[in-house]
Amino acid sequence: MFLQEFVRLFYDQPEWTVVVLTGLAIGIGYLIGGRVAGIDLNHPVSKWFDRAPLLGAAGGAVAVWVVVRLVDPDLNALLIIGVVVLGALVGTAIGWLAGAAVRRRVRSQTPVPAIAAAAAGAVVVAEVSWVLYAKLISTVDWPSAKLRIPFPQIDVVTGTALQVGGVTIQRSAIFTIGALAVCSVLLWFFVNRTRMGRGMQAVSQDPDTARLMGINVDRIIVVAFALGAVLAAIAGVSQGLQNTNIEFRMGFLAGLKAFTAAVLGGIGNIFGAVVGGLVLGVIEAMATQYIPGQFGGSTWKDVWAFVILILVLVFRPQGLLGARVVDRA
């Protein structure tokens, strides 16, 4: 809901991208400082204390840059150099003070050159981002987020529907089924047959024990989120091809139905989620076609989907293909 309303209100106002660019500058400055320092900043106990000098340096440098830009958005080349130098100096001082404040809690001491590199890198990235914003982002003709936008059509995937034995099949539906089969098989292979996938299963069962076994839990979490984003992108392309028009609110109901399909098939079961999605789609189609009266038709198809979700949660909470978990004393 937050993302939907944020897009609706601010998508055609590019000023909010400055905040994103400053956050990006702090992140890149931290990475530069960490590379120069050459120390382990991921210790599970002291990692935030170890990172404090670099984050303080990058954040302090960007804060100085933001203040100067708010006072005078238009600076000449000489003043820009001065702002970069001033930000680097102030950021280095803030980073050094942050390191001194947490010195007793850190596992690795961050050298001053690394702190200076983090501050200088952050302020330089912030200035370059400002130039990109001023020259590119602010001049883009942003389309309205409140209107439905035509989705690009692909000749092979979209076009004239196929006729098979008197049945009309849309090309986009064939693409969806093909993408479903390929993605589900590849996902199953990744989770069950690769080292990273097995580590993902271990983290889902017991992250603390997995960490003791040498598994990088943070990396596993990042990979899981990235993998989910990739699959969501494929699903978004499929839905766009079928609907031909897209809008910023169209993913909300699809997300709810994806959760319903996962619960219906069994949480944690890949092929259960596939079966749950197919069963949900068939139920919606049959309810639309065969339920008479005021409770039928396309208007009520979403209602029947969530009726199925309630019934599954009440009578079979583990889903159609999920295994029942028994707690024993």
Subject >> Inter-label distance for LEU227 and LEU136, nm, one decimal - labels placed 7 Å from Cα along Cα-to-Cβ >> reply: 3.2
Subject >> With every protein chain in place, the range 1-128: carbon and sulfur % of accessible area (1.4 Å) >> reply: 72
Original post:
When the chain is fully extended, how far beyond the present Cα-Cα distance does LEU78 get from SER298, taking 0.36 nm per residue of separation?
Top reply: 72.7 nm
**OP:** List every DSSP H helix in the chain whose Cα atoms extend 24 Å or more along the helix's own long axis and whose mean Kyte-Doolittle hydropathy is at least -1.0.
**Re:** 17-37, 47-71, 77-101, 112-135, 171-193, 217-243, 270-290
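How large, in percent, is the carbon and sulfur part of the accessible surface of the range 166-231 at a probe radius of 1.4 Å?
The value for the range 166-231 is 67 percent carbon and sulfur by accessible area.
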**OP:** Would you indicate which of (1) 58, 47, 35; (2) 74, 61, 36; (3) 64, 39, 33 is the value of Cα extents along the principal axes in Å derived from the coordinates of this structure?
**Re:** (2)
**OP:** Determine the per residue accessible area of the chain with all protein chains present and a 1.4 angstrom probe, expressed in square angstrom.
**Re:** 63
Original post:
So which aspartates and glutamates pass the test for LYS135, namely a Cα distance under 18 Å, with those fewer than 8 places away in the same chain ruled out?
Top reply: ASP12, GLU15, ASP72, ASP74, GLU127
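Run the numbers on the range 211-329 and let me know its relative contact order in percent, using alpha-carbon pairs under 8 Å that are six or more apart.
22
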Original post:
How would you rank 61-68, 162-169, 271-278, highest first, on the average number of other Cβ atoms within 10 Å across their residues?
Top reply: 61-68, 271-278, 162-169
Subject >> Relative contact order [Cα under 8 Å, 6+ residues apart], the chain, whole percent >> reply: 15
Subject >> Paired Rg and Dmax values of the range 87-208, which use every Cα atom, in angstrom >> reply: 26.9, 77
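In deg cm²/dmol, rounded to 500, what helix-only [θ] at 222 nm does the chain give when every DSSP H run of at least 4 residues adds -39500 (n - 2.57) and the total is split over its residues?
My calculation for the chain gives -23000 deg cm²/dmol from helical runs alone.
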Subject >> Pairwise centroid distance, computed over Cα atoms, of the range 24-75 with the range 222-251, Å >> reply: 33
Subject >> Ordering of 185-195, 121-131 by burial proxy (mean other Cβ atoms within 10 Å per residue, highest first) >> reply: 121-131, 185-195
**OP:** Give me the distance between the Cα centres of the range 168-202 and the range 103-117, rounded to whole Å.
**Re:** 44
**OP:** Using every pair of alpha-carbon atoms in the range 105-149, split the distances into 10 Å bins beginning at 0 and state the percent of pairs per bin, rounded to integers.
**Re:** 21, 24, 22, 17, 12, 4
**OP:** Grab the other residues whose beta carbon is less than 12 angstrom from that of SER108, score K and R as +1, D and E as -1, and report the net.
**Re:** +3
Subject >> Nearby lysines by direct alpha-carbon distance to LYS257 (threshold 21 angstrom, same-chain neighbours under 8 apart not counted) >> reply: LYS301
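The values are calculated or read from the model by the stated rules, or taken from the named source; none is laboratory data. What you see is a predicted model; the values in this text were computed from it and never measured. Here the Cβ is made from the backbone with ideal geometry for all residues, glycine too, and neighbour counts use every protein chain on show. Side chains included, ligands, DNA and RNA excluded: accessible areas come from the protein's heavy atoms. Shrake-Rupley method; radii C 1.70, N 1.55, O 1.52, S 1.80 Å.
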